[in-house]
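Heads up, the thing below is written out as structure tokens.
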Amino acid sequence: MKYDLILAGGGLANGLIAWRLKQLRPKLRVLCVEEQSIIGGNHTWSFHDGDLSAAQHQWLSPLVVHRWPCYDVHFPDRSRRLTSGYASVTCERFAQIITPALGNDLRTGQSIAQVNPRSVVLTSGERLEADAVIDGRGIRDSKHLVLGHQAFLGQVLQLQAPHGLDGPIIMDARVAQGEGYRFVYILPFSADTVLVEDTHYVDHHALSAEQLRTHISEYVHEQGWAVTACLREEEGVLPITLAGDFAEFWNEAPGQPRSGLRAGLFHCTTGYSLPHAVRLADWIALQKDLRADSLAQGMREFAHQAWRGQRFYRLLNRMLFLAGRPRNRWQVMQRFYGLSDGLISRFYAGDSNLADKLRVVSGKPPVPVNEALRAMLRYLPGHYENQE
Ligand SMILES: Cc1cc2nc3c(=O)[nH]c(=O)nc-3n(C[C@H](O)[C@H](O)[C@H](O)COP(=O)(O)OP(=O)(O)OC[C@H]3O[C@@H](n4cnc5c(N)ncnc54)[C@H](O)[C@@H]3O)c2cc1C
């Protein structure tokens, strides 16, 4: 049987594409192939209210396990509550909703050995054909991207007694800093369960899982929380893009439709990809021509637009990673969180306007001025950041 579309990998991006197509174009013959026994892997995916349109919030809502009306940030010299909403999707809910919706259009436990624009070959040797294959197998190393890293480990903890939090803390930087910007990220899922993540913005990820677990247990102890069980653990190293050559990055697999991190579709400063994945799923559902050539060309343009739109964030990342000492990176974030609610919300949505950008770079930078200038100018046109 020849499919209309094969989705290689059943993670966030391809799972959402498959589900959206099932909702809007159920007659299409779509197959999603995932190597693990379940789709969605082991993640908690969170996003800000302003990241999505009202219509997108609505179709995503069955996957959302919790919404909060506000969130807090804490730095050594600034604590602040932001009155903009935050929400989380868990991998459990993702699999629970999308697996039955896809039915036989999902094959799990099937590892793909080779992806081509119109076929995949499984490690079993089976070959599957389609008008187009979308490669959504997650991040792949590329020599055409200059990256820092956001490395973290999170534990969902069952506490003996209520924690007393009334919203997420998306950055608690009142912790000892290490080889980069370190903060703890907290999502209170119920009165006595909480996700605690120890996070590091570092040049190279060198911390062991054991060290990150120790940090979590120290933090939990300082809050006076007694843990009765660790319900789940997740970890990740997300790409933070300092610069890159989009054309060369995309030409690594020319003509191959791609989604998610594999397409470079993530926020350059946070490494988060849920909003891009939602937008891409909507975009694909609208395409009349789903053949490989047309999809590859359209997805390249889609990804290129996202890349161009994030030039400013890559410049900020260079300030964060290349100016000043790594252990003082928290000062850049503390200053950022002194800016207006609207500016911060547009930043996370990847929608900063010119006034926002001027505001972010105006005033006395929290890093040495000469280093800030050098970091900003590094990789400018003619060097690396040249394929706009
Ligand atoms: C622990 C963690 C927490 C995160 N939290 C957030 C968050 O809060 N908000 C946010 O927006 N982003 C978050 N991210 C970042 C990013 O959004 C996720 O990594 C997201 O899952 C990326 O989506 P993707 O579809 O590109 O890749 P993935 O979701 O990683 O999907 C790739 C899929 O391909 C499968 N696969 C790989 N190779 C093969 C093969 N050969 N054959 C078959 N299948 C294969 C994998 O098993 C996997 O299921 C988080 C990342 C991690 C790791």
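Values in this text are rule-based calculations from the coordinates and carry no lab data. All values derive from a computational prediction rather than experimental measurement. So basically every Cβ, Gly included, is an ideal-geometry build from the backbone, and we count neighbours across all protein chains shown.
Give me, ordered by chain and number, the residues 5 or more places off His66 or on other chains with an amide H under 5 Å from its own placed amide H. The list, which skips near neighbours in sequence, is Ser88. When the C-alpha to C-alpha distance is required to be over 27 Å, the pairs from Lys22/Lys143; Lys2/Lys288; Lys288/Lys357 that qualify are Lys22/Lys143; Lys288/Lys357. Summary value for the chain: 19 percent relative contact order, contacts being C-alpha pairs under 8 angstrom separated by 6+ residues. Adding -39500 (n - 2.57) for every DSSP H run of four residues or longer, then dividing by how many residues the chain holds, sets the calculated 222 nm ellipticity at -9500 deg cm²/dmol. Can you pull out the trypsin sites (Lys or Arg not before Pro) in the stretch 239-307 that DSSP calls coil and that have at most 10 other Cβ atoms within 10 Å? Here the trypsin sites (Lys or Arg not before Pro) that fit, given the DSSP loop and packing criteria, are Lys288. Here the gap between Asp141 and Ile97, fully extended at 0.36 nm per residue and compared with their Cα-Cα distance, gives a gain of 12.7 nm. Per residue, the convex hull spanned by the Cα atoms of the stretch 1-145 amounts to 152 cubic angstrom. Tilt of helix 311-322 relative to the longest C-alpha principal axis of the chain, in degrees (0 to 90, nearest 10)? Approximately 50 degrees, to the nearest 10.
A viscosity of 1.306 mPa s and a temperature of 10 °C, combined with the Kirkwood radius over Cα pairs in Stokes-Einstein, give a translational diffusion coefficient for the chain of 73 µm²/s.
Karplus-derived 3J(HN,Hα) values for the stretch 347-359, using 6.51 cos²θ - 1.76 cosθ + 1.60 with θ = phi - 60°, are 4, 5, 7, x, 10, 5, 9, 4, 4, 4, 5, 5, 5 Hz; glycine and proline are entered as x.
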